[in-house]
Each structure stands twice: as C-alpha cells, then as structure tokens.
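The values are calculated or read from the model by the stated rules, or taken from the named source; none is laboratory data. Bear in mind that the values here come from a model prediction, so they are computed numbers and not experimental data. As a convention, Cβ positions derive from the backbone with ideal geometry for all residues, glycine included, and neighbour counts pool all protein chains shown.
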Amino acid sequence: METNQYLDVFIDESKDNLQVVNDKLLELEKEPTNISLVEEIFRAAHTLKGMSATMGYEDLADLTHKMENVLDAIRHEQVNVSTSLLDVLLQSLEYLEEMIMDIADGGEGKKDVSKVVTQLQAIEAGEQPISEVESNAATLAESPVDHQMKVDQFEETVIHQATSDGQQVHYIKVTLSEDCMLKVARVYMVFEVLEQNGEVIKSVPSVSELEDENFDQSFEVILVTGISEEELEAKIMKVSEVSEVKIEDFNKLMVDQPTVEQKAIKETEIQEEEAEINQNSKTSEDGTKKKSAGNKTIRVNIDRLDVLMNLFEELVIDRGRLEQISQELDHNDLKGTVERMSRISGDLQNIILTMRMVAIDQVFNRFPRMVRQLTRELGKDINLQIEGAETELDRTVIDEIGDPLVHLIRNGIDHGIEMPEERKAAGKPETGQLLLKAYHSGNHVFVEIKDDGQGINQEKVIKKALENGVITSEQVGNLTDRQVNELILASGFSTADEISDISGRGVGLDVVKNTIESLGGSIEIDSVYGKGTTFSIQLPLTLSIISVMLVIVQDETYAVPLSSIIETAVIKDTDIMKAHNKRVIDFRGSIVPLVDLKEVFEVPSNGKEQDEFYSIVIVRKGDQMAGLIVDSFIGQQEIVLKGLGNYLTDIFAISGATILGDGEVALIVDSNALIK
C-alpha cells in the first residue's frame with residue numbers, strides 16, 4: 001500500500017494521541033485510582049499502535065504495544081499505579097515523541113528502546129519498576145568509566161548560546177588523591193578556580209552531594225569558558241591534592257550520542273493548524289437523529305496560510321497606493337470604490353489573521369511534564385497552575401516563545417522556589433506555587449510566570465552589577481526597584497555566592513530578553529524579597545501587519561509602531577531643559593529624555609533651519625519613556641512589516657521596513673533600542 005499520501009495525517013493524528021497520553025498520565029499521578037483516565041490513555045495508545053503498524057513503523061508499534069499491555073494490567077487492577085511506574089510510562093512517551101519527530105523529519109522512526117521495553121515487561125510481570133530518575137545516582141556511582149553527562153533542555157540551550165557566542169564548553173573530570181583528607185575543601189577550591197574563569201553549567205554528583213562529601217575521589221562538571229583546555233588544566237592542577245584532571249570538548253562528546261533532552265528541543269516546532277472534518281450524527285431523546293452543527297473544520301497546511309498572508313500583504317501595499325491616488329485625483333466614484341475596497345480588505349485581513357491564530361496551550365502543554373521531572377530531580381515540592389491556555393497568538397510568535405518560557409520556568413523552579421525545609425523554616429507552605437498565565441489586553445498578549453519563592457535580593461544584585469561593570473556607582477541612586485530587578489537580564493549576570501549547577505539567575509536570561517524583544521515584545525520583573533517573583537512578558541498578537549505612526553525626518557519617512565507610542569506633542573524650544581548634559585522635557589510631571597532621530601540615523605540635512613517648535617513622539621518601554629524628535633507627522637497607517645534581508649542585520653534601532661503607497665520605502669523604528 002502506498003502510504004506517503006497519508007503521512008501528514010498520520011503525523012498529525014499521532015501528535016494528538018501522544019498529547020492525550022501525556023495529559024492523562026499527569027492527571028493519573030494525582031488520581032491513581034481513576035480507571036477512566038487509564039481507559040482514555042489505553043484508547044489513545046491503541047489508536048497509535050494501529051496507525052503505526054498500518055504505516056509500517058514497527059519500532060513505534062512495538063513500544064506502544066508494550067505500553068498498552070501495562071495499561072491493560074492497570075485497568076484490570078493487576079498492577080498498582082506508582083510514581084516509579086509513571087516514570088517508566090513517561091519515559092516511553094518521550095521515546096514515542098522522538099520517533100514521531102524523526103518520521104516528521106523524513107526518518108524511519110527507528111530507535112533502540114530495549115531498556116524501557118525491558119522495564120515495561122517487568123512491570124507487566126508484576127515486578128517493582130525502577131525508574132531512570134531513581135537509578136541515575138546508583139548508575140553513576142557504580143560506573144568505573146567516564147560517561148557522557150546528560151543535559152536537560154535548559155542547559156542545552158545555554159550551551160548552544162555560549163557556543164554561538166564563540167565560547168568553549170568543556171567537560172571536566174577532576175580526581176582527588178587517595179589520601180585527600182578534606183575533600184569538600186578541595187572541591188570548593190576547584191570550583192572557585194572554575195567560576196573565576198567561566199560559568200559552571202552542571203556538576204555530577206550534584207552540588208549538595210559534593211558539599212555532603214557524598215562522592216568517592218572524582219567529580220565531573222560542564223564549564224562554559226573563554227580559555228583553552230591547557231590553560232584551564234594548569235590552573236586546576238595548582239589546587240593541592242588534585243591528582244588528575246581530564247578535559248574534553250563537550251560538544252564533540254555529544255555529537256555521536258545526542259541526549260533525550262537535545263532531541264526534545266524539536267518539540268518546540270509547533271504542530272500545523274489542526275482540526276477534523278467531522279460531521280457526526282447524534283440521537284435525540286425521541287430516537288431521531290439530528291445533524292451535528294459547529295464541527296465543520298478542516299486541516300490546513302501552515303505553508304499555504306503563509307502564502308495567503310504574503311499575497312494579502314501585497315494587497316495591503318496596493319490598497320495604500322490606491323487610497324493615495326484617489327486623494328490626488330479627487331474623483332468621487334473612485335473614492336467611493338476605494339473606500340469600499342478598503343472595508344472589504346479590512347474584513348479579509350481580520351479573517352486571515354484569525355486563521356493564523358493558535359492557542360498558546362500548544363506551548364503550555366509540555367510544561368507539566370517538565371516541571372514534574374525537575375521537581376523530582378531537585379527534591380522540591382511544586383504545584384504548577386496554568387491559566388489562560390486557550391489564549392491565542394499568531395503562529396509565528398508561538399514558534400518563538402517556547403524556549404524563553406522554558407528558561408523562565410526552569411529559573412523559577414531552580415532558583416526561585418526554595419527547598420521544602422527552607423520554606424517551612426520561613427513560615428511558608430512546603431509546597432511551592434508556580435503560576436503560568438496568559439491573557440489578552442488590547443492588541444497584545446501577556447504571559448506571566450509567577451512563583452512564591454525567595455524573590456530577588458536587590459542588595460546582592462546591585463553589588464554584583466557594580467562588580468561586573470553593568471552599572472556605575474553614580475547610577476545606583478537613580479534606579480527604581482524594577483530597574484534593579486531587570487539587571488539580572490544582563491548577559492552572564494549571576495548573583496550566586498556559592499557553587500551551583502547553574503550559577504545564579506542570570507544564566508540564559510539575556511537570551512530570554514533578546515528573543516522577546518526580537519518579537520516586538522518586552523519583559524518586566526516584579527519581585528518582593530522573601531515573597532516571590534513575577535516575570536511579565538508582553539507580546540504582539542501578530543508580527544506581519546502592524547499599525548504605525550508615519551513621521552518625517554528631513555526628507556525621509558520613518559514608521560513608529562503605535563504599540564510603543566503614548567502620545568504625540570508639539571513643544572517650544574523654551575520647554576527643553578538640560579539634565580546630565582542631555583536634553584529633557586517635563587511630561588506630565590515626569591522627566592523624559594529627548595532623542596533626535598536626525599542624529600541617531602545620521603539623516604542628511606535638507607538645508608532648512610529648525611524653527612522654535614519641535615514635533616515629539618512620546619514612546620514607552622515598561623516604566624521608561626523617551627521623546628523622539630521628528631520634523632512632522634504624516635498620520636496613522638497599517639503597514640506590512642518586511643525584513644531587511646541577510647545583508648542588513650543588526651541595524652541599530654531599526655526593526656524592519658515597509659513599502660508605502662507611493663512606492664517609497666520607510667524604515668520601522670525600534671523604540672525599545674532607543675530607550676536603552
């Protein structure tokens with residue numbers, strides 16, 4: 001049978017069924033006696049097994065069949081649900097997801113799953129399962145040879161970013177001499193050397209185990225650094241009672257054996273917009289059948305929607321041109337026709353944008369399993385709450401927001417929420433709360449990550465910022481609480497004062513900030529020390545068609561996004577004051593610095609002298625404001641956002657360009673960069 005024509009349907013249906021299995025397994029952990037949940041998981045697994053066998057993916061079908069046997073034993077009460085059993089089932093689910101992703105990438109869906117199959121068969125036979133999480137420590141302690149350290153999704157992203165920035169990632173194994181008496185002191189001295197020369201991403205055994213002297217003679221770390229292996233080895237060997245140091249390129253170690261977590265990054269590829277043509281009949285109380293309404297949907301390949309969007313963007317450009325021509329000719333019939341076309345194209349624009357909207361739960365639904373895994377590894381008790389998962393965003397934004405949220409959630413679990421005993425000593429409930437919330441407000445979507453952990457120690461942040469040269473001592477007195485909190489978003493910023501698997505809150509948070517701002521969004525941090533922290537992300541609904549204010553600077557036209565503008569104003573030159581050698585104005589009781597776009601973009605002069613009045617566009621980023629000086633305003637307009645191409649990357653304060661109705665190209669101003 002020719003199966004290629006059914007491949008897309010198979011992948012979509014498989015992802016649907018795997019999501020059902022994922023959600024219901026997490027629910028089953030909370031309600032282990034709820035057999036109806038097991039029935040739902042069994043049905044989804046059974047459907048997946050049948051489809052896999054039909055398509056010829058035997059490894060996929062075989063693993064699903066083994067899972068099905070265990071689920072059958074649970075629903076017939078031959079096996080009891082336990083945390084270890086769920087660990088094995090969730091591990092099996094990860095393998096299934098990897099196999100489906102391999103098939104989606106053109107592979108054959110093959111994978112060595114013998115280890116988890118053996119565990120499933122043991123469970124089916126009535127043996128007590130030992131999960132991978134529980135067996136890791138024992139395996140590491142027993143292994144006499146070097147092993148490849150596993151990194152999770154967060155750590156993998158940090159390593160990838162460091163490599164992109166030209167830094168080196170080293171795998172380091174340090175062995176202490178047999179007669180070493182103060183092992184913990186030597187470990188501390190080694191870590192002090194490491195942290196003076198880079199960032200420690202992970203250690204095995206963990207930091208707490210090293211501090212408790214729960215290791216033999218050796219330990220391993222992953223270090224991001226800018227120095228060579230030879231130089232680093234020489235520095236470590238200077239620590240007394242270190243007998244051997246082994247250093248290798250971590251990225252080379254991982255080439256031949258990618259970890260589960262590395263492959264799991266592929267999960268950030270969002271599924272195609274989905275639904276089913278499903279017109280089912282249902283029987284009414286009197287026995288007659290009524291036709292179901294409201295279930296008429298169809299799967300559409302996202303590439304087709306992209307093509308449709310591109311064509312409509314060209315239509316928007318031509319619409320602007322027609323509107324300008326009709327104004328110039330002043331022909332009533334032409335004006336009426338153009339106005340009608342503008343209304344119709346506006347309705348069409350709303351429909352197309354709605355078709356591209358995807359519920360954010362496609363990103364949110366992978367976090368419960370991640371939180372469960374991290375809390376077990378860290379020994380914490382955390383309750384994850386999700387609100388507003390039905391909130392919709394443009395598919396382009398959805399594709400990019402996954403990794404920043406992974407960073408922030410990992411940050412909240414790892415550094416925000418304390419250990420149960422610490423929470424109890426501080427008078428808090430032992431179970432920490434982590435809230436992931438999304439909601440619409442105007443033309444934006446807000447995503448909040450809130451924890452009730454230890455919050456941000458602002459004194460420590462300021463001290464570290466001064467040491468790192470992020471701020472000067474003169475600036476300290478002028479910083480607001482929010483500005484102090486946002487210092488942790490600086491590149492490589494860390495407030496850790498002792499060795500840590502991930503040194504402080506700062507690792508990776510600059511990546512979060514850069515990604516969000518590249519989407520036209522912003523991030524704010526509110527924190528009360530000892531009470532908790534809230535990260536608030538503001539994102540645009542869509543990235544392709546935006547509303548702007550067109551302004552004139554000399555003889556050039558620029559576009560300022562309306563989402564950044566508070567208001568426009570015309571002021572006298574006598575209203576401009578000087579503060580710290582910069583021009584400022586008093587705007588409703590606030591001192592707002594002025595930025596002259598003519599100077600920023602080095603616009604050639606047209607020979608006209610500046611009169612006594614200035615046209616100002618007041619823009620905002622968080623609680624910071626600036627006034628952009630322009631020559632005049634054209635007005636509000638909807639424009640199509642176009643990239644500048646591969647040759648014009650990283651242009652300061654320019655986020656893109658657009659084509660106006662008269663064919664002129666206008667650059668789009670990134671006001672966030674100007675406020676920085």
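At a glance:
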{"quantity": "Single condition Phe42 does not satisfy, out of (1) touching a Lys or Arg at 6+ places or on another chain (Cβ under 7 Å); (2) farther than 16 Å from Leu26 by Cα; (3) aromatic (Phe, Trp, Tyr)", "calculated": "(2)"}
{"quantity": "Only listed residue being assigned to a helix (DSSP H, G or I), in contact (Cβ under 8 Å) with a residue 60 or more places away in the chain and hydrophobic (A, V, I, L, M, F, W, C), chosen from Leu25, Leu63, Leu37", "calculated": "Leu25"}
{"quantity": "Residue tally, condition among the aliphatic types (A, V, I, L, M) and part of a strand (DSSP E or B), over the range 168-185", "calculated": "4"}
{"quantity": "Residue within the range 160-170 that is touching a Leu at 6+ places or on another chain (Cβ under 7 Å) and either over 16 Å from Ser243 (Cα atoms) or assigned by TED's automatic domain parsing to the domain that holds Ile409 (or both) present", "calculated": "yes"}
{"quantity": "Those residues of the range 616-632 which are surrounded by fewer than 17 Cβ atoms within 10 Å (Cβ to Cβ) and either touching a strand residue (DSSP E or B) at 6+ places or on another chain (Cβ under 6 Å) or hydrophobic (A, V, I, L, M, F, W, C) (or both), in sequence order", "calculated": "Ser632"}
{"quantity": "Members of the range 358-407 that are surrounded by fewer than 18 Cβ atoms within 10 Å (Cβ to Cβ), assigned to a strand (DSSP E or B) and touching a helix residue (DSSP H, G or I) at 6+ places or on another chain (Cβ under 7 Å)", "calculated": "Ile386"}
{"quantity": "The range 25-38, residues that are of a type outside the set (A, V, I, L, M) and either buried (at least 21 other Cβ atoms within 10 Å of the Cβ) or closer than 16 Å to Ser84 by Cα (or both)", "calculated": "Glu27, Glu29, Lys30, Glu31, Pro32, Thr33"}
{"quantity": "Filtered residues of the range 498-529 (kept if modelled with pLDDT under 50 and not hydroxyl-bearing (Ser, Thr, Tyr))", "calculated": "Glu498, Ile499, Asp501, Ile502, Gly504, Arg505, Gly506, Val507"}
{"quantity": "Residues located in the range 510-522, provided they are outside any strand (DSSP E or B) and either of a type outside the set (D, E, K, R) or within 14 Å of Asp670 (Cα to Cα) (or both)", "calculated": "Val511, Val512, Asn514, Thr515, Ile516, Glu517, Ser518, Leu519, Gly520, Gly521"}
{"quantity": "Complete set of residues in the range 54-81 that are at pLDDT 85 or above and either among the small types (Gly, Ala, Ser) or not assigned by TED's automatic domain parsing to the domain that holds Lys15 (or both)", "calculated": "Ala61, Ala73"}
{"quantity": "Per-region count, the range 414-446, residues among the β-branched types (Val, Ile, Thr) and in contact (Cβ under 8 Å) with a residue 40 or more places away in the chain", "calculated": "2"}
{"quantity": "Enumeration of residues in the range 102-115 that are hydrophobic (A, V, I, L, M, F, W, C) and either at pLDDT below 85 or crowded, with 21+ Cβ neighbours inside 10 Å (or both)", "calculated": "Ala104, Val113"}
{"quantity": "Checking Glu213 against (1) in contact (Cβ under 8 Å) with a residue 60 or more places away in the chain; (2) at positive phi, the condition it does not meet", "calculated": "(1)"}
{"quantity": "Residue under evaluation Arg410, criteria (1) under 30 Å from Val207 (Cβ atoms); (2) surrounded by fewer than 20 Cβ atoms within 10 Å (Cβ to Cβ); (3) touching a helix residue (DSSP H, G or I) at 6+ places or on another chain (Cβ under 6 Å), criterion not met", "calculated": "(2)"}
{"quantity": "Strands (runs of 3 or more DSSP E) completely within the range 523-622 that count 3 or more residues being closer than 30 Å to Glu418 by Cα and in the same structural domain as Arg395 (by TED's automatic domain parsing)", "calculated": "532-540"}
{"quantity": "Positions within the range 623-652 being among the polar types (S, T, N, Q), over 14 Å from Leu562 (Cβ atoms) and assigned to a strand (DSSP E or B), in sequence order", "calculated": "Gln624, Ser632"}
{"quantity": "Any hit, the range 582-597, residues being in contact with a helix residue (DSSP H, G or I) (Cβ under 7 Å, 6 or more places away or on another chain) and modelled with pLDDT under 80", "calculated": "no"}
{"quantity": "Condition check for Lys335: modelled with pLDDT of 85 or more and over 33 Å from the mean Cα position of the chain (by Cα)", "calculated": "yes"}
{"quantity": "Within the range 151-186, considering residues that are at pLDDT 85 or above and hydroxyl-bearing (Ser, Thr, Tyr), the one surrounded by the most Cβ atoms within 10 Å (Cβ to Cβ)", "calculated": "Tyr171"}
{"quantity": "Matching entry among Glu209, Glu192 (being closer than 23 Å to Met419 by Cα, within 35 Å of the chain's Cα centre (by Cα), assigned to a helix (DSSP H, G or I) and among the charged types (D, E, K, R))", "calculated": "Glu209"}
{"quantity": "Residue list for the range 587-615, restricted to those being touching a strand residue (DSSP E or B) at 6+ places or on another chain (Cβ under 7 Å) and more than 15 Å from Val551 (Cα to Cα)", "calculated": "Phe587, Ser590, Ile591, Val592, Pro593, Leu594, Glu612, Phe613"}
{"quantity": "Output for the range 644-662, where each listed residue is under 17 Å from Glu314 (Cα atoms) and modelled with pLDDT under 75", "calculated": "Gly661, Asp662"}
{"quantity": "Within the range 330-342, tally of residues that are surrounded by 10 or more Cβ atoms within 10 Å (Cβ to Cβ) and in a helix (DSSP H, G or I)", "calculated": "9"}
{"quantity": "Every pair of residues 6+ apart whose Cβ atoms lie under 8 Å, when the first sits in the range 447-458 and is within 17 Å of Ile516 (Cβ to Cβ) while the second is among the small types (Gly, Ala, Ser) and surrounded by fewer than 20 Cβ atoms within 10 Å (Cβ to Cβ)", "calculated": "Val447/Ser536; Glu448/Ser536"}
{"quantity": "Qualifying residue in the range 44-51 (condition: assigned by TED's automatic domain parsing to the domain that holds Lys15, within 15 Å of Asn22 (Cα to Cα) and in contact (Cβ under 8 Å) with a residue 40 or more places away in the chain)", "calculated": "yes"}
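Here is a yes/no grid of residues against (1) small (Gly, Ala, Ser); (2) more than 13 Å from Leu489 (Cβ to Cβ); (3) more than 13 Å from the chain's Cα centre (by Cα); (4) buried (at least 20 other Cβ atoms within 10 Å of the Cβ):
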residue: Leu509; (1), (2), (3), (4): no, no, no, yes
residue: Thr515; (1), (2), (3), (4): no, no, no, no
residue: Gly520; (1), (2), (3), (4): yes, yes, yes, yes
residue: Glu524; (1), (2), (3), (4): no, no, yes, no
residue: Ile546; (1), (2), (3), (4): no, yes, yes, yes
